[in-house]
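The following block contains the structure, expressed as structure tokens.
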Amino acid sequence: MKTVKIISYIVLALIFVAVCGCIVYFTGGFTSDFKTFYVSVDGKDIMTTANDYKLSMDIPTQVNVKYTFGALNKDISGYSVKVIPNAIDGKNFDFTVDGQVYSYQAESDLTNGFEIEESETAFTIKPKGGINHILGAIYPDCEISDCRDKAYQNMYSLVVTSYNGTASVKINFSIDEPLYDIILDKGEIIF
């Protein structure tokens, strides 16, 4: 009888520790409200904001969308995705579109500059190119000034919003792009 009581107390203690651990994990160490919506990138769960991600122009990045109680409630599904400029003090720059001056950080939506393929619980994202190609997708058939030398760390923000719009996750990232294109002409190469 004593063995059953001891085992019962141990099981209750383990359940208590698991519940406390879950609460600590989904509140960011009690620094925020309990998160019921989050994403996972490269095996890392992101509850609110993350920085220093790099997107490749060759390989899409997969983002898994998760709901804490999604398995229990079948009505919880869906999300929306948007890419916006990450506003950092001192990093804003101007560019021209057909001679008109625009501010990069004043842009409200850069999503058209990215290839996004969505499924029910995940999506992949890949830039259509560097900053010039992204702005070209936003302003098609326009002449845009060269902005490659104005790129900065974490200049883009990927915002993933829950199905009901009450929660969102922000991932600040850069694009792994060459600063300048190098073209070699076979006729001009001398050995």
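Grab the Cα-Cα distance for ASP52 and LYS2, subtract it from 0.36 nm times how many residues apart they are, and report the gain in nm with one decimal. Walk me through the numbers before you get to the answer.
Numbers: separation 50, 0.36 × 50 = 18.00 nm, distance 5.45 nm.
Length gained, ASP52 through LYS2: 12.6 nm.
List ILE175, ILE88 from most exposed to least, where exposure is judged by having the fewest other Cβ atoms within 10 Å.
Details: ILE175 20, ILE88 13.
Neighbour counts put them in this order, fewest first: ILE88, ILE175.
Once both labels are modelled 7 Å past Cα along the beta-carbon direction, what's the SER145-SER40 spacing in nm?
In this crude label model, SER145 to SER40 measures out at 4.5 nm.
Suppose every K and R has +1 on its Cβ and every D and E has -1 on its Cβ; what is the size of the dipole of segment 40-141 about the Cα centre, in Debye to the nearest 20?
Values: 8 positive and 15 negative charges, 59 e Å.
Approximately 280 debye in magnitude.
List MET57, MET1 from most exposed to least, where exposure is judged by having the fewest other Cβ atoms within 10 Å. Let's see the in-between values first.
Working: MET57 15, MET1 5.
Ordered by Cβ neighbours within 10 Å, fewest first: MET1, MET57.
Which shape class, rounded, prolate or oblate, goes with segment 35-177 when its Cα gyration tensor gives a ≥ b ≥ c as root eigenvalues, a/c under 1.5 marks rounded, and past that a/b bigger than b/c marks prolate? Please report the intermediate quantities before stating the final value.
Working: a/c = 2.15, a/b = 2.09, b/c = 1.03.
Cα axes put segment 35-177 in the prolate bin.
Further question: Sorted from fewest to most neighbouring beta carbons within 10 Å, what does the list TYR9, TYR156 look like?
Numbers: TYR9 10, TYR156 22.
Going from sparsest to densest Cβ surroundings: TYR9, TYR156.
Kindly provide log₁₀ I(q)/I(0) values, in the same order as q = 0.14 Å⁻¹, from the Debye equation applied to equal alpha-carbon scatterers of segment 100-164.
-0.48
While we're on this one: Which pairs, out of LYS44/LYS150; LYS91/LYS126; LYS44/LYS91; LYS44/LYS128; LYS54/LYS128, put more than 21 Å between their alpha-carbon atoms?
On the way: LYS44/LYS150 30 Å; LYS91/LYS126 23 Å; LYS44/LYS91 28 Å; LYS44/LYS128 25 Å; LYS54/LYS128 14 Å.
In this structure, LYS44/LYS150; LYS91/LYS126; LYS44/LYS91; LYS44/LYS128 lie more than 21 Å apart at Cα.
We did not get these values from a lab; they are worked out from the coordinates using the rules stated. Everything quoted here is computed from the prediction, not taken from an experiment. FYI the Cβ positions are ideal-geometry reconstructions off the backbone, even for glycines, and counts take in every protein chain you see.
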